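Colleague: The following block contains the structure, expressed as structure tokens.
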Amino acid sequence: MKLLKFNKTRNKILGALFIFVMVVAFFYLPTGYYLEIPGSAEATSSFVKVNGKKDKKKGDFLLTTVGIVQGSPFQLLKSMGNDFETIYSREDLMGDENSQEYFQVQQYYMKSATNNAIQAAYSAANKPFTKKYLGVYIMDVLDNSDFKGKLQIGDTINSINGYKFKNANQFINYVKKQKKTATVKISYIRDGKHKTVSGKLVKLKQTKRYGLGITLTDNTEAKGNPPTKINAGNIGGPSAGLMFTLQVYSQIANKDLKDGRIIAGTGTISPDGTVGPIGGIEKKVYAADAQGATIFFAPDDPVTKLIKKYDPTYVNNYHLAKRAAKKIHTKMKIVPVKNLNEAIKYLEKTSK
């Protein structure tokens, strides 16, 4: 009799423990899927110093971000039907990169964005700046590359076989001229230290060419007079380019573009001031509204026939931002911009 009662008690405890574990798993267990959600809207003045000083004028330029979180079963279920939360598989979000590599690449994109912001702002303000070419930055090393395990994401190549180049195209053209059986010597920088490594060329997939088997882009450094420093901390990606440019421009040109207003926005920036599209703009509109922004700059990127060919459902950033603003019933003005000059003129025209 006692044994029967003991078994019943044990079964109840095990059953309760099983239910507890299942509940915890439902709310907290990672699924391999990620959620893109509204992130933050942060004052660019806290990241930018011109001549060692921060901007203390009233108002704010806000850069806007999206948040990336691992989705539990509960979070994924809750996000369904939410216009401001998007589910991505790990592959869709990061491709072949692991989490560390993905966020490292995002940090590079931010570094590139701040360099472009300095160039665009100083050009618009007719202030002098210099651009230094550092080499080619490695964005990925393919699995079949002989340099897999030798080079890694974040390395900057500054010479090949002793040959110095001035841009990525020169580097690529030099590699193209090598025999397919060639062994090449790479000089590169990692964590501030100069290193060398050798490897063979490999056949590049879906081509008839041989190469190093790496994905690369130019790594440059821009410096202006007066000097500007932009430290974005842990924020990555290229989408803060426009807002950093407006912040730098207003300081070096000594123009109060904010005029006491809270001005948010997003968009990549090219050295010539062209504003480019970004992802997750709906979440950024949401984040900007939550911080009390009254103006939101959205890239008015052209929808070409080529884009429509590959994505018939493509909608440009400005129209996506307008839709998002309508859904949250915000009074924030969504302003389309194609370049830096349009944003500057709008702020000058609408100031008191």
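Colleague: For region 296-318: of the residues being assigned to a helix (DSSP H, G or I) and of a type in the set (F, W, Y), which is nearest to P238 (Cα to Cα)?
Modeller: Of region 296-318, the ones assigned to a helix (DSSP H, G or I) are 305-310, 317-318.
Now drop any that are not of a type in the set (F, W, Y), which leaves 310, 318.
Working: Y310: 23, Y318: 17 Å.
Applying the filter and picking the extreme gives Y318.
Colleague: Which residues, counting only those in region 197-213, are among the β-branched types (V, I, T) and within 14 Å of Q178 (Cα to Cα)?
Modeller: Passing the criteria: only V202.
Colleague: Just to check your reading of the model, which residue among G71, G81, G135 is in contact with a Phe, Trp or Tyr (Cβ under 6 Å, 6 or more places away or on another chain) and farther than 28 Å from K338 by Cβ?
Modeller: Just one listed residue meets the conditions, G71.
Colleague: I need the full set of residues from region 56-101 which are in contact with a strand residue (DSSP E or B) (Cβ under 9 Å, 6 or more places away or on another chain), assigned to a loop (DSSP other than H, G, I, E, B), on the phi < 0 side of the Ramachandran plot and touching a residue at least 40 places away in the same chain (Cβ under 8 Å), in order please.
Modeller: Hits for region 56-101 are G71, F84, E85, D96, E97.
Colleague: Could you tell me which of the residues N161, N167, N219 is of a type in the set (S, T, N, Q), at positive phi and surrounded by 12 or more Cβ atoms within 10 Å (Cβ to Cβ)?
Modeller: N161
Colleague: Out of region 235-255, which residues are touching a residue at least 40 places away in the same chain (Cβ under 8 Å) and under 17 Å from K127 (Cβ atoms)?
Modeller: Result: F244, T245, L246, Q247, V248, Y249, S250, Q251, I252, A253, K255.
Colleague: Looking only at region 186-202, which residues are exposed (fewer than 13 other Cβ atoms within 10 Å of the Cβ) and assigned to a strand (DSSP E or B)?
Modeller: Listed by number, the residues that qualify are K193, H194, T196, S198.
Colleague: Another one. With respect to D300, is the statement that it is touching a Lys or Arg at 6+ places or on another chain (Cβ under 6 Å), of a type in the set (D, E, K, R) and under 25 Å from E42 (Cβ atoms) true?
Modeller: yes
Colleague: Residues to consider are S250, S270; find the one that is surrounded by 24 or more Cβ atoms within 10 Å (Cβ to Cβ), among the small types (G, A, S) and either in contact with a His (Cβ under 6 Å, 6 or more places away or on another chain) or over 29 Å from S79 (Cα atoms) (or both).
Modeller: Values: S270 fails: surrounded by 24 or more Cβ atoms within 10 Å (Cβ to Cβ).
None of the other options fit; the residue is S250.
Colleague: Which of the residues belonging to region 152-183 are part of a strand (DSSP E or B) and out of contact with any strand residue (DSSP E or B) (no Cβ under 9 Å at 6 or more places or on another chain)?
Modeller: If we filter region 152-183 for residues that are part of a strand (DSSP E or B), which is where we start, we get 156-160, 163, 183.
Listed by number, the list holds a single entry, Y163.
Colleague: Another question, then. Sort out which residues of region 319-339 are over 17 Å from L62 (Cβ atoms) and in a helix (DSSP H, G or I), and write them in order of number.
Modeller: H319, L320, K322, R323, K326, K327
Colleague: Name the one entry in G260, G236 that is outside any strand (DSSP E or B), within 13 Å of the chain's Cα centre (by Cα) and surrounded by fewer than 24 Cβ atoms within 10 Å (Cβ to Cβ).
Modeller: Details: G260 fails: within 13 Å of the chain's Cα centre (by Cα).
On inspection, the qualifying residue turns out to be G236.
FYI, it's all coordinate maths here, none of it is from the lab. Bear in mind that the values here come from a model prediction, so they are computed numbers and not experimental data. So basically every Cβ, Gly included, is an ideal-geometry build from the backbone, and we count neighbours across all protein chains shown.
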